[in-house]
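Every read-out reported here was derived from the displayed coordinates using simple, explicitly stated rules and does not represent laboratory data. In this text, all values refer to a predicted model and were calculated from it rather than measured experimentally. So basically every Cβ, Gly included, is an ideal-geometry build from the backbone, and we count neighbours across all protein chains shown.
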Amino acid sequence: MPFPRMQSAVPRNVTPLDREAAPPSVADLVSMKVRFIAPMIVIYIFSYIGLTVLAGFAKTFLALKVVGSLNLGFLLIGANYVIAWVLALLYVRVANHRFDPMVERIATAKNTRELPS
């Protein structure tokens with residue numbers, strides 16, 4: 001038995017103006033979050049595994065001196081920390097400006113439907 005497809009809460013025969021006025025669905029929120037978070041995960045995993053592979057197979061490359069006693073390995077480890085913090089701060093900024101207002105609209109629409117009129 002095939003899985004049912006997730007459908008948007010907005011019917012297909014509405015105009016673009018109606019689509020903007022309609023509250024977003026949870027499926028829209030999840031889809032938006034996945035589109036934003038997936039590239040962030042790929043970036044971090046690539047940098048983390050890349051550094052691990054370099055540490056295992058290119059020790060002489062990581063031992064190259066950059067400035068004074070600072071070598072490339074320490075510089076890349078520091079870059080991994082910077083990448084992690086930048087991605088975290090970027091997520092917080094986007095969540096505060098895009099995801100949280102969307103959650104508020106979804107919750108408001110759900111609560112108004114449950115209240116007796």
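When the residues of segment 49-87 are filtered to those that are under 28 Å from residue 29 (Cα atoms) and touching a helix residue (DSSP H, G or I) at 6+ places or on another chain (Cβ under 9 Å), the one that is surrounded by the fewest Cβ atoms within 10 Å (Cβ to Cβ) is 84. Taking helices (runs of 4 or more DSSP H) as the structural unit, those lying wholly within segment 20-117 and holding at least 3 residues that are touching a residue at least 24 places away in the same chain (Cβ under 8 Å) correspond to 26-57, 72-94, 100-114.
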